[in-house]
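A short write-up of the structure that comes next.
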Amino acid sequence: MKRFLKENSLSLFFLLIFALALVGQALAGQAKFNDQQLVDGGQPISLVEYVATSDFAVDVAENWQSEYLQFLLFILATVWLVQRGSPESKELGKEGGESDEDQLVGEHARRDSPAWATAGGLRKALISNSLGWVMGLVFALSWLAQSVAGLAAGNAERLAELRDPEGWGGYVTGPEFWSRTLQNWQSEFLAVASMVALSIYLRQRGSAESKPVGAPHDATGIEG
């Protein structure tokens, strides 16, 4: 168990703080929701009831889709685009999908390579792009969940105001949906750009996201 915890500590740490943040969001959201319920003359609801509401679902899905879009675009962009001096970029001159020899696939696969790395055809194409496909799928599902939950929450408000409910197509092309969506996207894109640029000149000793402290500023594609 001790070995398992050590070898998986990075994933476990972020899963733990993710769970804590999600619980905190639910508690804070419930308190806010119940305050509004009292103002509107309604009854407070339990935590379990709150996490089943469209209000909670849209807030969670909205954040998830922006995060996965960020990673999807970064994964795909770093295939072809480089940044001199950044450890977040691969080495200059290696733009593109690279050769089978560089990627250790086909006849260049090692004994400990994934089984499909030695295959050809569809299996080779799938494993070669599996990270992007999964990130893209999670983004698409989160975006869809955000749109459905946001529509439900918006229509609940419209009905309370004695207005006609809105259709899904009208909602996802309307200003309310895109105001919330682009608000998240712009912050994610700025964070990625900051990480790429700042890591050229700044260091964090021992971090895989930083160059070695003594590496020159123009060293590209190396990590400490």
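The values are calculated or read from the model by the stated rules, or taken from the named source; none is laboratory data. It should be emphasised that the depicted structure is a prediction, and the values quoted were computed from it without experimental measurement. All Cβ positions, glycine included, derive from the backbone under ideal geometry; neighbour counts span all protein chains shown. The accessibility values were calculated without ligands, DNA or RNA, using every heavy atom of the protein model including side chains. Shrake-Rupley method; radii C 1.70, N 1.55, O 1.52, S 1.80 Å.
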For the range 188-204, what are the residues that are open to solvent by 50 Å² or more (accessible area, probe 1.4 Å) and not aliphatic (A, V, I, L, M)? Phe189, Tyr201, Arg203, Gln204
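Would you confirm, using the coordinates I've provided, whether Ile127 is in contact (Cβ under 8 Å) with a residue 12 or more places away in the chain and either farther than 30 Å from Ala215 by Cα or touching a Phe, Trp or Tyr at 6+ places or on another chain (Cβ under 8 Å) (or both)?
It is true that Ile127 is in contact (Cβ under 8 Å) with a residue 12 or more places away in the chain and either farther than 30 Å from Ala215 by Cα or touching a Phe, Trp or Tyr at 6+ places or on another chain (Cβ under 8 Å) (or both).
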Please verify whether the range 68-81 includes one or more residues that are more than 22 Å from Ser210 (Cα to Cα), out of contact with any helix residue (DSSP H, G or I) (no Cβ under 9 Å at 6 or more places or on another chain) and at pLDDT 90 or above. no
Given the options Tyr50, Tyr68, name the one that is within 22 Å of Asn129 (Cβ to Cβ) and open to solvent by less than 80 Å² (accessible area, probe 1.4 Å). Tyr68
Keeping to the range 189-217, report how many residues are within 25 Å of Leu73 (Cβ to Cβ) and in contact (Cβ under 8 Å) with a residue 24 or more places away in the chain. 12
Apart from one, (1) at pLDDT 95 or above; (2) surrounded by fewer than 15 Cβ atoms within 10 Å (Cβ to Cβ); (3) of a type in the set (A, V, I, L, M, F, W, C) all hold for Trp143; the odd one out is (2)
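What helices (runs of 4 or more DSSP H) lie completely within the range 1-113 and have 3 or more residues being touching a Gly at 6+ places or on another chain (Cβ under 8 Å) and of a type in the set (A, V, I, L, M, F, W, C)? First the steps, then the outcome.
Details: elements: 2-7, 9-39, 47-51, 54-80, 100-103.
In the range 1-113, the matching helices (runs of 4 or more DSSP H) lie at 54-80.
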Out of all the residues in the range 146-180, which are within 20 Å of Val51 (Cβ to Cβ) and either hydroxyl-bearing (Ser, Thr, Tyr) or open to solvent by 40 Å² or more (accessible area, probe 1.4 Å) (or both)? Ser147, Val148, Ala152, Ala156, Glu157, Arg180
